[in-house]
1. Is the shape of segment 277-316 best called rounded, prolate or oblate, per the rule: a/c under 1.5 gives rounded, else a/b larger than b/c gives prolate, else oblate, with a ≥ b ≥ c the square roots of the Cα gyration tensor eigenvalues?
2. Applying 1/(1 + (r/R0)^6) with R0 = 45 Å to the Cβ-Cβ distance of K356 and M226, what FRET efficiency is obtained, to the nearest 0.05?
3. Using the 2.2 N^0.38 Å rule of thumb for compact globular proteins, work out how the chain stacks up: its C-alpha Rg over that value, please.
4. In debye to the nearest 20, how big a dipole does segment 398-501 give about its Cα centre with +1 on each Lys and Arg Cβ and -1 on each Asp and Glu Cβ?
5. Can you tally the net charge around L460? Count Lys and Arg as +1, Asp and Glu as -1, for every other residue whose Cβ sits under 13 Å from the Cβ of L460.
6. Size of the dipole of the chain about the Cα centre, Lys and Arg at +1 and Asp and Glu at -1 on the beta carbon, nothing else charged, in debye to 20?
7. Which ³J(HN,Hα) values, rounded to whole Hz and listed in residue order, are derived for segment 63-73 from phi using the Karplus coefficients 6.51, -1.76 and 1.60 in 6.51 cos²θ - 1.76 cosθ + 1.60 with θ = phi - 60°, glycine and proline given as x?
8. Counting each DSSP H run of 4 or more residues in the chain as -39500 (n - 2.57), what helix-only mean residue ellipticity at 222 nm follows after dividing by all residues, to the nearest 500 deg cm²/dmol?
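Every read-out reported here was derived from the displayed coordinates using simple, explicitly stated rules and does not represent laboratory data. Remember, it's a predicted structure, so these values are computed and weren't measured experimentally. Because the Cβ atoms are built from the backbone with ideal geometry, glycine has one as well, and the counts that use them run over all protein chains shown.
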Amino acid sequence: MSQESLQIGVSRPPLPLDDIPTPEEVFKLPKIGVKELITAVLGPSMIALGVSIGSGEWLLGPLGFGKFGFMGLGFLVTISAILQTFYNVEAARYTLATGEVPVVGFTRTPPGLMFWVPVTLFIIYLAWIWGGWAAAAGQSLFAIFVGRTFDSKNPAELQTVRFIAIGLLFLSLGIYLFGKKISRTLEFVETFAVFFILITLIIFAIVFAPASIWMTALASIVTPAMPPKGIDATTLGSIIGYTGFASGMNFMLINYYRDHGYAMGSKIGFFSGVIGGQKQDILPSGITFRESEKNTKTWNRWFRFLVIDQWVVFFVGAMIGMFIPSILAVSLAVTPGAATPTTANMPVFVAGELGKKAAWLFPFTLVLGALILWKTQTTLLEMLIRNTTDTAIAVSPRLRAWIQGDPRKFYYIVGIVLVLFISWVIHQALPTELLQYSANMANLASIIYPLVLIYLNSKLPKPARASWWSYLVLIINVLFFGFFFVNFIFLQATGQPIVRF
């Protein structure tokens, strides 16, 4: 390490050295107590939690649990949530130490940016371009007005659902126009939505789910068992991939730690809205910290906040978010005369069954389901836009010259292009099918990016480097999620999975 910079990896500039700002300096507070921790410091994981209580928890988890039960599947969900939280912390470790978001940091890994830029963007789009969340929300809104689920074999009704979904996409884009920091706008939206959704679902589950199902679900969390007999590789892989957020794709959430101002991220910049925001530059390359006793102490404080944000907010919330809707769905599925959960009816299954118990619950639950899926689509679309924009700014001097320190010029162009493209994509398949493919693509990223993080984090200043066991957990991520992805790919390619349960 030289006196003024640290070179990490290849094909990117050295990182200048500076001191880590304290949390009090970043958030402009005299001290950070419990109140300040909740109101100012924590937040990025609320965005992650808001996305996690989405397609996996409202559609794919309940679909799997409703058809195959909790035992065996519940324990795998627990392992997935634990491994994802460790992975999140390691991805955020790099961003806190350098200010670079993961999608930019990955380009420092050999063989360099000419390889990692197209590969990473391809994997991101492969996982998130499907628009299944807006399409599924469109199903719910259609049912509110018509009083029943749409007929997938009726072209007119299917097209109406898709037009509603396209309208929701443009509404999502409109959210990003507001706020000094787009990330803070999303935090407010997700925080309100998460508390409203979880409280509502907990009440429904307490009222409608018998104690026996609660006990079985809770026992499955800590009871090791093989996956349920007969479960297919696509369904299993999608539930594992979409527990929490999205297994190997979770690095996309870490951008919000930079925008929130965590550690060295506070020196890099953030995306600002058009209304309420202002011109705000984002540095194309990061900054890291000098190794000193003062910086080590400050780093340790930031890292503790990160651990709290991930384990208290993300992990606990992800577990509640997966099991509560599933408990409710399973209790409804086993009710005499209930419909069978399928990929076609899952977006409106819970609403339909609750509507049999009380008429007002049908439209109310449809609105709730539409909110869950729309807010998920809103954040996922924003993550696509920001990761594309961050990457382009980092690697293209011509783009940096054109935007002249205002990334909003490119950010909103990317947003419009993506909305138009996704509007075409959602015409290609049923919503739940789109989400199952997307979830399995998230498992693909788990084979790649934990290994990249091992390389990057081993190059950080010594106080920021991980312990050996953190690297071991990252390798376990590769093996665990990689198995489900390979099983899924073999099923798609040959019609038979490697392992049949």
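1. Details: a/c = 2.87, a/b = 1.16, b/c = 2.48.
Because a/c hits 1.5 or more and a/b fails to exceed b/c, segment 277-316 counts as oblate.
2. Working: r = 34 Å, r/R0 = 0.76.
Between K356 and M226 the formula returns 0.85.
3. Values: Rg = 22.2 Å, N = 501, 2.2 N^0.38 = 23.4 Å.
Computed over Cα atoms of the chain, the ratio equals 0.95.
4. Numbers: 8 positive and 2 negative charges, 107 e Å.
Dipole size: approximately 520 debye.
5. Numbers: positive: R93, R108, R290, K459, K462, R465; negative: E90, E100, E291.
Net charge in that neighbourhood comes out at +3.
6. On the way: 34 positive and 24 negative charges, 68 e Å.
That gives a dipole near 320 debye.
7. So the J values, rounded to whole Hz, are 4, x, 5, x, 8, 10, x, 8, 5, x, 6.
8. On the way: 20 runs with 317 residues, N = 501.
Calculated at 222 nm, the ellipticity per residue is -21000 deg cm²/dmol.
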